[in-house]
Amino acid sequence: MPVIRFDDVTKIYPGQTRPALDDVSLEIEKGEFVFLVGTSGSGKSTFLKLVLREEKTSDGRIHVLGKDLSRLSQWKIPVLRRQVGTVFQDFRLLPNKTVAENVAFALEVIGRPEHQIAKVVPEVLELVGLAGKEDRRPDELSGGEQQRIAIARALINKPAIVFADEPTGNLDSHNAQSIHELFSKLRTELQQTFVIVTHNEHLAKSTDRVIKMQDGLIIA
């Protein structure tokens, strides 16, 4: 069973006439490493918002991890989102907390016990190449290292799906390549499904699959 399935999905925002997504159908299987590429306005952000149930479809059905999102009750939406880790372009780190505290916070808010947090935080920091930097604050690190904190935070709850929304958009070419290599490393070591949303087609050359979007349509 696919972990994500779109069946004839259309999304039209209020006050707009052109669909943000126009009759889109696709499937993403468990363990796939997928790049979703397209320029600004192609529908990539809408795709992500629909998967996270931040928005509802205008028409069509979406299934995520076997659940029909159109039938998902409001109180179950946070439960679904815990199974989807998200990495954002702007990092969204807490500046007054250390590296370890930023990552631990994702577990604290869902009530995980302290002994479990103390065990898994060092493990995931080592996985993303931040071992030894647990006590630094985000402003003491490079942009690439800050993005690694965000990736660690997305991974800490062992989600079934990891979305990265323009994860290299705020980085220089060196750090962008470093983050791309990190994602490639993670996909070989972990069992999660990775969906990398980007306008950078160059980074999408070495992957399982590329879904190219334009004007709300899948064109390749």
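The values are calculated or read from the model by the stated rules, or taken from the named source; none is laboratory data. Keep in mind that this is a model prediction, so the values were computed, not measured. All Cβ positions, even for glycine, are placed from backbone atoms using ideal geometry, and neighbour counts span all protein chains on display. Please note that ligands, DNA and RNA were not included when accessible areas were found on the heavy atoms of the full protein model with its side chains. Shrake-Rupley method; radii C 1.70, N 1.55, O 1.52, S 1.80 Å.
A few comments on the model shown:
- Considering region 200-220, and only residues there that are out of contact with any strand residue (DSSP E or B) (no Cβ under 6 Å at 6 or more places or on another chain) and surrounded by fewer than 15 Cβ atoms within 10 Å (Cβ to Cβ), the residue that is modelled with the lowest pLDDT turns out to be Ser206.
- Any chance Ala164 is among the small types (Gly, Ala, Ser) and out of contact with any helix residue (DSSP H, G or I) (no Cβ under 8 Å at 6 or more places or on another chain): no
- Restricting the first member to region 144-165 and to residues that are in contact (Cβ under 8 Å) with a residue 40 or more places away in the chain and open to solvent by 10 Å² or more (accessible area, probe 1.4 Å), and the second to residues that are basic (Lys, Arg) and part of a helix (DSSP H, G or I), the beta-carbon pairs closer than 9 Å and six or more apart or on different chains are Asn157/Arg82; Asp165/Lys44.
- Qualifying residue in region 69-84 (condition: within 21 Å of the chain's Cα centre (by Cα), touching a residue at least 40 places away in the same chain (Cβ under 8 Å) and open to solvent by 60 Å² or more (accessible area, probe 1.4 Å)): yes
- You will find that of His180, His199, His174, the residue that is touching a helix residue (DSSP H, G or I) at 6+ places or on another chain (Cβ under 9 Å) and under 23 Å from Glu29 (Cβ atoms) is His180 and no other.
- Any hit, region 169-181, residues being open to solvent by 50 Å² or more (accessible area, probe 1.4 Å) and farther than 30 Å from Asp208 by Cβ: no
- Among the residues of region 6-54, those identified as exposed (fewer than 15 other Cβ atoms within 10 Å of the Cβ) and polar (S, T, N, Q) are Gln16, Thr17, Ser25, Thr39, Ser40.
- Region 153-168, residues that are among the polar types (S, T, N, Q) and within 18 Å of Ser40 (Cβ to Cβ): Thr168
- If only residues of region 85-97 that are in contact with a helix residue (DSSP H, G or I) (Cβ under 6 Å, 6 or more places away or on another chain) and of a type in the set (A, V, I, L, M, F, W, C) are counted, the one that is least open to solvent (accessible area, probe 1.4 Å) is Val87.
- Region 98-114: number of residues that are open to solvent by 40 Å² or more (accessible area, probe 1.4 Å) and modelled with pLDDT under 95: 8
- Residue check for Gly132: open to solvent by 50 Å² or more (accessible area, probe 1.4 Å), out of contact with any helix residue (DSSP H, G or I) (no Cβ under 9 Å at 6 or more places or on another chain) and assigned to a loop (DSSP other than H, G, I, E, B): no
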